[in-house]
1. For PHE172, state whether it is more than 18 Å from the chain's Cα centre (by Cα), assigned to a helix (DSSP H, G or I), under 24 Å from ARG259 (Cβ atoms) and at pLDDT 90 or above.
2. Hey, could you check region 182-199 for residues that are touching a Leu at 6+ places or on another chain (Cβ under 8 Å) and either among the hydroxyl-bearing types (Ser, Thr, Tyr) or without any contact (Cβ under 8 Å) to a residue 40 or more places away in the chain (or both) and say which is surrounded by the fewest Cβ atoms within 10 Å (Cβ to Cβ)?
3. For region 391-417, what are the residues that are charged (D, E, K, R) and either in contact with a Phe, Trp or Tyr (Cβ under 6 Å, 6 or more places away or on another chain) or under 13 Å from PRO468 (Cβ atoms) (or both)?
4. Select from region 360-377 the residues that are out of contact with any Leu (no Cβ under 7 Å at 6 or more places or on another chain), among the aliphatic types (A, V, I, L, M) and in a helix (DSSP H, G or I) and list them in ascending order.
5. Kindly establish whether VAL291 is of a type in the set (Val, Ile, Thr), within 18 Å of THR86 (Cβ to Cβ) and either surrounded by 24 or more Cβ atoms within 10 Å (Cβ to Cβ) or without any contact (Cβ under 8 Å) to a residue 24 or more places away in the chain (or both).
6. Looking at MET348, MET380, which one is touching an Asp or Glu at 6+ places or on another chain (Cβ under 8 Å), under 26 Å from LEU81 (Cβ atoms) and of a type outside the set (Lys, Arg)?
Amino acid sequence: MTLTPLLEPHWMNAVLPEIILSISGILMILFDAFAPKARGAMAPLAVLLLMVAAASESMVAGGVFFGGTWETGALTQIFDLVFLLTALLATLFSREYLRREQIEGGEFYALLMWGTVGMMMMAKGLDLLIVVLGLEMLSICIFVLVGYHRRIAISNEASLKYFLMGAFATGFILYGTALFYGACGSTKLSDLANFFQTADPHNPLLTVAFILLMAGLGFKLALAPFHAWAPDVYQGAPTPVAAWLSVAPKVATLMALVRIFWAMGPVAQHAGWMHIVAVLSILSMIIGNAVAIAQRDLKRMLAYSGIAHVGYMMIAMLTVREDSVAAVAVYAVTYALMNVGAFGVVSMLAKNQNDPQTLDDIAGLGFRRPFYGLALSVCMFSLSGLPPTAGFVSKFYIFKTAVESGHSTVALIGILTSIVSVYYYLRVVYFLYMKEGGEGETAIDSGVFGVAALTISIVGILLIGIYPTPLFERAGAAARALLLGQ
C-alpha cells in the first residue's frame, strides 16, 4: 500500500496549527519537568505558543487533503481562531487561579492545547471517523481538566460524571456512525451526500442512525434533554476550565453538524429530522432560561444560560444555507468573548473552591473593583442580547436567518425566551451595583493576565456590537466558499 495518493501537495501546511499545538503541549510538559522552579514562566510561554499557532493560520493552505477526509478553508480558519481565542483567554484567566490554588503545572496548559487540536479535527473532518477521533481526543482532555483540582471532592465528582455520561454519548455516536456506514458503505461525508441524493427519506435505519448521532452530539452540546451533566460539571471544574468547556467544544460540535446536515441534504427535511432538531432547540431555550432564573450560584447560572445559547445557535441549523452558517460563525465568536469573560470574573473570586460562588459574593463589587464590575456587566448585557453589544447583533442575525428560512415559530420562541433571560442577567448587574457586600466580602484575586483577558473580552464585545460589518462579511464569504465547495 502506498501513501502517496493520500499526501497531497502542501499537506503539512493543512495541519500546521495542529502540529504546532501538539508539539507545544509536549514542550509545556517537558518545561515543567526539567525547570520546575520556573513555573512562573509557563503561562506566558503557553500564551506565546497559542499566539504562534494563531499566526500560523495565515499559512494554512485551503483545500481537501488526506484522501478527501480533511478540509481547510476560510470558515475553518474562523472556527480555528475561535478555538485558539478561547484557549488563550482560559490560559490568561488560569494563571492567578492556579497559583492561588497551588495546582499550576505544565500538563494543564498541554491539555488545553491538545483539546484544541481535537476541536480542529472535528471542524475540519470530512469523515465521520475523523470527527469521532477529534471528539475523543477532546473528551479525554476534558475528563482530566475537569478533575484537575484533585484535592477537591466536587472536582473529582464532576470529572467522574462527565466521564461516565460521555462514555454513553460516545457509544451513541459510534452506533449512529456504524448504521450510516451500513446504509451507504462509507463514513466519508462526500459519499454520504451522494447516497442521500437518492436515499429513501422514510428508511427507519437512517432515522435511527440520525437519532443516535443527535443524542451523542446533543450531549456534547449540552442540548436539553441531554444537559443534566452541565451544571454539576461546570460547578465542580476549575473555573477557567468551565469557561473553556462552556464554549469551545460546543463550537467544534456545531461545525461538525454543519457538514453532517449539509451532507444529508433534502432527506433530512423530507424525513422530518429537522423537526427533531427544532424540538431540541426549543427545549434548550425554555429549560435553560427557566431554570437559570432559580440559580444563585454563578457557575450554575452560566451553565443553564449556556444551554439556552446552544438552543439559539441550533435555530440557524434548521436550514443549512449560506446565511445560517455565517450566523453560527458570528455567534461562535461573540459567545466566546462574552461567556469566557463572565466565567473569568468568577474565577477571580478568592474563596474556598468547595463553596459555591454565589450572587452574594459579587455584591457591591462594581464599586469596590470598578473594572471587574464593568467587565462582568458588559458580558451580562451581551449575553442578554442588549444593544450595542455583540450579543445583540449575533442574536438578531440568528433570528433573521430563521425567519427568512421559514422557521418563524421557533424564532419567536427564541425571542421570547431571550427576553426572559434579561431578568437573571440584569440581576447580576443589580447585585454588582445595588447590593452592599457583607462582612465576609470575597476579594478579587487579580493580575495582569486577568486584566488583559477581560480587556480583550470588553473590546471585542463592544467593537463587534458597534461595527459588526467586517465580521459579518468575512463569515458570509467563508460560509459561501464552504457550501459551494461541498
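The values are calculated or read from the model by the stated rules, or taken from the named source; none is laboratory data. Computed from a predicted model, the values in this text were never measured in an experiment. Ideal geometry is used to build each Cβ from the backbone, glycine not excepted, and the neighbour counts take in all protein chains shown.
1. Spelling it out, PHE172 is indeed more than 18 Å from the chain's Cα centre (by Cα), assigned to a helix (DSSP H, G or I), under 24 Å from ARG259 (Cβ atoms) and at pLDDT 90 or above.
2. Among residues in region 182-199 that are touching a Leu at 6+ places or on another chain (Cβ under 8 Å) and either among the hydroxyl-bearing types (Ser, Thr, Tyr) or without any contact (Cβ under 8 Å) to a residue 40 or more places away in the chain (or both), the one surrounded by the fewest Cβ atoms within 10 Å (Cβ to Cβ) is GLY182.
3. Result: LYS395, LYS400.
4. Residue satisfying the conditions is LEU374 alone.
5. no
6. Answer to the check: MET348.
Condition check ((1) in a loop (DSSP other than H, G, I, E, B); (2) modelled with pLDDT of 90 or more) across all residues:
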position	(1), (2)
LEU111	no, yes
VAL117	no, yes
LEU133	no, yes
SER139	no, yes
PHE143	no, yes
ARG150	yes, no
LEU164	no, no
ALA167	no, no
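Okay, residues lined up against (1) at pLDDT 90 or above; (2) assigned to a helix (DSSP H, G or I):
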site	(1), (2)
VAL429	yes, yes
GLU436	no, no
SER446	no, no
ALA452	yes, yes
SER457	yes, yes
ILE461	yes, yes
GLY465	yes, yes
GLY476	no, yes
ALA481	no, yes
